[in-house]
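The values are calculated or read from the model by the stated rules, or taken from the named source; none is laboratory data. As the structure is a prediction and not an experimental result, all values here were calculated from the model. All Cβ positions, glycine included, derive from the backbone under ideal geometry; neighbour counts span all protein chains shown.
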Amino acid sequence: MRKRFLRARRGSVGVMTAVSGVVLVGFAAFATDVGAIYLDARRLQGAADLAAIAAAQNLPRADAAARATLRANGWRNAQVRVETGAYTPDPALRPQKRFAVGAARANAARVEVQSETPLYFGRFLVKEGRMTITRRATAAQSRLASFQIGSRLLSLRGGIANQLLSGLTGSQVNLSVMDYNALVSADVELLAYVDALRTRMNLEAATFGETLQRRIDPPVALEALADVVADRRAETALRQLARSVSRLNAQTGLDRVIDLGPYADQATAPMGAGGAIRVSAMDLAFATLEIANQRRQVQLDLGADVPGLADVDAWLAIGERPNNSPWLAVTDAREVIVRTAQARLYVRAAVGGGASLGLVNVPLLVELASAQAELADVTCGADAASRAVTLSVSPGIGALMLGEIDPNRLDDFKRPMAPTPARLVNAGLVRIDGAAEVHIGGEQWQSLRFSNAEIENGEVKTVATRDAAQATVSSLLRNTKLTVRAGGLALGLASLTAALESVLAAAARPLDELLNGVLDLLGLHLGEADLRVNGVRCGGANLVA
């Protein structure tokens, strides 16, 4: 009987079906639970992502924003932990090291959400009948600021601007004070200007960065600027200036002075007011002409154009910016530094000294080290009014000297200038020599904050070294050491020096105005740095982990 049972084949399929059916049902139950867990985990991850974005967009209320987002997405009973901190998008750092919890300059939020999902068949194996799932998400704010160094509203007097532009371009420039004032007050959108450059140069597929790298003729750059400026008088002035410099054969790339940062690889401008980067038309025009001047030295014959001075000659030398740094940058990185150029200005002025002194010669040398600035912080609040940008600024050092130099060596920035005592008066047997120096401060970094209203208004702020107020022509001339020689004999301070001191005191104010007028045009100042934030963009928050 037993042998016959073992040899029987009837009903074997039914047995196999019964056994495999149990296995299939088990797999189906397992697949159902796994699918349900996966689906809930994905839903929870999506909710965590949204909560992290909401928290990063409103860091002061990050916890409340994250919880409100989770409730709105149906996760009312989920356990939530919200942390704020600083996120550094550095590929050299491991992903888990890029978020620093509790950092002072918070720009990101990390959200951890924990919830439970029911088991449909697994409850026969798991006592609680449910499983805990945890999901995390990190979002960081998109913060971007554009700032520039070396810009100031002009104080135009006696054709100084025309003389300087003519010297920079080797041509004859004749703009009125009203033309210059129109250029100063006219702002242009930077990316729209680069787009106009691209059109002028027929670069159909070039990015903004590639456009700035192309060699361009200064007249073409000025015409493109005129294409986008809104003020009609400023447009006319720019086209007139472009015609005036039409013979300037000095192609250059504007990437030497403009760093577009993350916009360099883009070919279209961001939409909306949040992406606007407004720059002074005057600043752009002068930056273009400054780098186009290959000689780096300009001689100005101002004649008697400066009230209070009988005759004025000036020599200006402009050095390269250290490390080829720009004067304008669009960035979110704190290691990007903008700098002014080094410069030397030598002025030889003649002042009427009356019958006893004749013409008094006053030679002045101004040496300007580069000022520099970097982005310290971008604040993005819940609304536009709470936005702010903080810059770190070092005005640099400088010196104001009374003495004679060789103007032909002015542009040799590798060698220091050593003025010799100046022959102030040479009237018959009477000769009076003088020498003086005023040096300014160190390179201490100072903090400068721009509110959203100040950014919108295009406000220019000035940071000065601690002793910059002492560096004026008046203070220089008051400290001048005079040596009087009559008939070949050296004498001490005599009655003639009183008359000379009176003449120098009267000449101090027009000399101050002359120096400031020329330096204002270049955005360069003795012991000072002028800063403007061109725009700030808080483009919401993005998931980073």
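Within region 235-245, one or more residues are in contact with a Pro (Cβ under 8 Å, 6 or more places away or on another chain) and buried (at least 17 other Cβ atoms within 10 Å of the Cβ).
Conditions (1) at pLDDT below 75; (2) assigned by TED's automatic domain parsing to the domain that holds Gly396; (3) not in a strand (DSSP E or B), marked per residue:
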site: Thr288; (1), (2), (3): no, no, yes
site: Leu300; (1), (2), (3): no, no, no
site: Val312; (1), (2), (3): no, yes, no
site: Leu316; (1), (2), (3): no, yes, no
site: Asn323; (1), (2), (3): yes, yes, yes
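Looking at region 118-145, which of its residues are modelled with pLDDT under 80, hydroxyl-bearing (Ser, Thr, Tyr) and farther than 30 Å from Ala329 by Cα? Passing the criteria: only Tyr120. The condition (being over 21 Å from Arg509 (Cα atoms) and either of a type in the set (Ser, Thr, Tyr) or assigned to a strand (DSSP E or B) (or both)) is satisfied by just one residue among Glu367, Glu454, Glu374, Glu437: Glu374. The residue of region 161-196 that is farthest from Leu316 (Cα to Cα), among those that are of a type in the set (Ser, Thr, Tyr) and assigned to a helix (DSSP H, G or I), is Tyr193. Each residue in region 506-528 was checked for being of a type in the set (A, V, I, L, M, F, W, C) and farther than 22 Å from Leu168 by Cβ, and 4 pass. Evaluation of Ile397 against the conditions (1) over 19 Å from Ala317 (Cα atoms); (2) β-branched (Val, Ile, Thr); (3) in contact with an Asp or Glu (Cβ under 8 Å, 6 or more places away or on another chain) shows that the sole unmet condition is (1). Checking each residue in region 337-364 for being under 21 Å from the mean Cα position of the chain (by Cα) and not in a strand (DSSP E or B) picks out Thr340, Ala341, Gln342.
Counting the residues of region 391-409 that are crowded, with 17+ Cβ neighbours inside 10 Å and either more than 31 Å from the chain's Cα centre (by Cα) or assigned to a strand (DSSP E or B) (or both) gives 13. The condition of being within 30 Å of Arg278 (Cβ to Cβ), crowded, with 23+ Cβ neighbours inside 10 Å and in the same structural domain as Leu410 (by TED's automatic domain parsing) holds for only one of Ala333, Ala376, Ala329, that being Ala329. Just a yes or no: is a residue in region 303-311 in contact with a Phe, Trp or Tyr (Cβ under 8 Å, 6 or more places away or on another chain) and either acidic (Asp, Glu) or crowded, with 23+ Cβ neighbours inside 10 Å (or both)? No, every residue in region 303-311 fails to be in contact with a Phe, Trp or Tyr (Cβ under 8 Å, 6 or more places away or on another chain) and either acidic (Asp, Glu) or crowded, with 23+ Cβ neighbours inside 10 Å (or both). Selection within region 410-434: residues that are small (Gly, Ala, Ser) and in a strand (DSSP E or B). The member of this set that is farthest from Ser146 (Cα to Cα) is Ala427.
Remark: Leu248 matches the filter, which requires a residue to be in a loop (DSSP other than H, G, I, E, B) and surrounded by 18 or more Cβ atoms within 10 Å (Cβ to Cβ). Being exposed (fewer than 15 other Cβ atoms within 10 Å of the Cβ) and either hydrophobic (A, V, I, L, M, F, W, C) or more than 37 Å from the chain's Cα centre (by Cα) (or both) is the filter here, so list the residues in region 82-99 that pass it. Listed by number, the residues that qualify are Ala92, Leu93.
When Leu391, Leu357, Leu410 are screened for being in contact with a Lys or Arg (Cβ under 9 Å, 6 or more places away or on another chain) and farther than 20 Å from Thr462 by Cβ, only Leu410 passes.
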